[in-house]
Amino acid sequence: MIDLSIDIAGLKLKNPLLLASGVLGLSASTLIRIYDSGAGGVVTKSFTKEPREGYKTPIIVGYKYGFINAVGLANPGISSLKTIIEPLIRRGVPVIVSIAGSSISEFTELALKVYENGIKAIELNLSCPHVKKKGLEIGSDPKLVGSIVNAIKEEVDCSILVKLGLNDKLIDVAKAAEQAGADAIVLINTIRGMIIDVWSAKPILSNKYGGLSGPAIHPIAVRAVYEVYEKVDAPIIGSGGVDDWKSAVELMLAGATAVEIGSAIAYKGLDIFREIAKGIEQYLTKKGFRSVREIIGLAHEDSKVFKTKMN
């Protein structure tokens, strides 16, 4: 028997596959369905202090290598969390709640409200590429990220996951988050991009800029996970362009303990979780491994994982 289970940030998952934040994350019934479809756990959409309608349509456009979206963090606000979360807790679904704020005090307030609802893990969205003052600007500042994590850890007794986007201070920010007490680092978010309609000569998205997701960003996510893994000890959750078992395994070999799946659901459906889990199991069997945990970081020749395996 191959063991696909993992423990990360205080959560016990039946396999390393998580629903990524931003995808189908505001309905309890849908989140339960995703878990029943083979996901090891789920991450909600990002909740903000007040309800947000998001941007006007069009908010998403297909691209030959993925999607570009600018939803605008649309959500019903943190006050609606209880009705969404309670059925998941009763069902025993491992759930991570994502929150997005614009200041240390706002993030702390949001985290307290999540904690009061019995949640064991919170993902800090510090990397939204298309909403001002609630994303990349925050997640690119090591000092500010450290302060946010530290402030939250002083107020709540639960795991804090820090979701970072691509920026030139990624290593420094990851280190700052870890030093402040982050229980896991999530890499990466979508990457800011744009598509222009050549006939109207105007950007297609109402917000002009959006976040690129899908296979186009997968090699970048692998590189980010690989580099951060060598510099921090906190576990990493890889995210970006995962649409089959090979792309999931690639992130784990780079150093990810778990993997988030998002945009691929749009064209492969919810069965993708079960298909990828089966593919990982078959891969492990062919390679002679007994547990998925044995391949974490194996692409690093001087890693502890590699040395342990070789000995």
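Selection of first residues in region 201-222 that are at negative phi and without any contact (Cβ under 8 Å) to a residue 60 or more places away in the chain and of second residues that are surrounded by fewer than 24 Cβ atoms within 10 Å (Cβ to Cβ) and in a helix (DSSP H, G or I), restricted to Cβ pairs under 8 Å at least 6 apart or on distinct chains, gives the following pairs, ordered by first then second residue: His218/Ser247; His218/Glu250; Val222/Glu250. Within region 268-282, the residues that satisfy the criterion of being open to solvent by 10 Å² or more (accessible area, probe 1.4 Å) and either within 19 Å of Gly241 (Cα to Cα) or touching a His at 6+ places or on another chain (Cβ under 7 Å) (or both) are Lys268, Gly269, Leu270, Asp271, Arg274, Glu275, Ala277, Lys278. In region 208-222 there is at least one residue matching the filter, namely being more than 25 Å from Leu13 (Cα to Cα) and assigned to a loop (DSSP other than H, G, I, E, B). The set of residues from region 1-27 being open to solvent by less than 20 Å² (accessible area, probe 1.4 Å) and of a type in the set (Gly, Ala, Ser) comprises Ala9, Ala20, Gly25. Once region 168-194 is narrowed to residues that are assigned to a loop (DSSP other than H, G, I, E, B) and touching a residue at least 40 places away in the same chain (Cβ under 8 Å), the residue that is most open to solvent (accessible area, probe 1.4 Å) is Met194. Filtering Thr48, Thr83 for residues that are modelled with pLDDT of 90 or more and open to solvent by less than 10 Å² (accessible area, probe 1.4 Å) leaves a single hit, Thr48. Could you tell me whether Lys132 is open to solvent by 50 Å² or more (accessible area, probe 1.4 Å) and either hydroxyl-bearing (Ser, Thr, Tyr) or at pLDDT 95 or above (or both)? Taking the combined requirement at face value, the residue does not satisfy it. Only one of the numbered conditions (1) buried (at least 23 other Cβ atoms within 10 Å of the Cβ); (2) modelled with pLDDT of 95 or more is violated by Leu212, and that is (2). On inspection, Val71 does not qualify as part of a strand (DSSP E or B) and open to solvent by less than 50 Å² (accessible area, probe 1.4 Å).
Candidates Lys153, Lys246: the one that is closer than 26 Å to Leu4 by Cβ, over 17 Å from the mean Cα position of the chain (by Cα), without any contact (Cβ under 8 Å) to a residue 60 or more places away in the chain and not in a loop (DSSP other than H, G, I, E, B) is Lys246.
The values are calculated or read from the model by the stated rules, or taken from the named source; none is laboratory data. It should be emphasised that the depicted structure is a prediction, and the values quoted were computed from it without experimental measurement. Heads up, the Cβs are rebuilt from the backbone with ideal geometry, glycines too, and the neighbour counts pull from every protein chain shown. When the accessible area is computed, the model is the full protein with side chains, heavy atoms only, and any ligands, DNA or RNA have been set aside. Shrake-Rupley method; radii C 1.70, N 1.55, O 1.52, S 1.80 Å.
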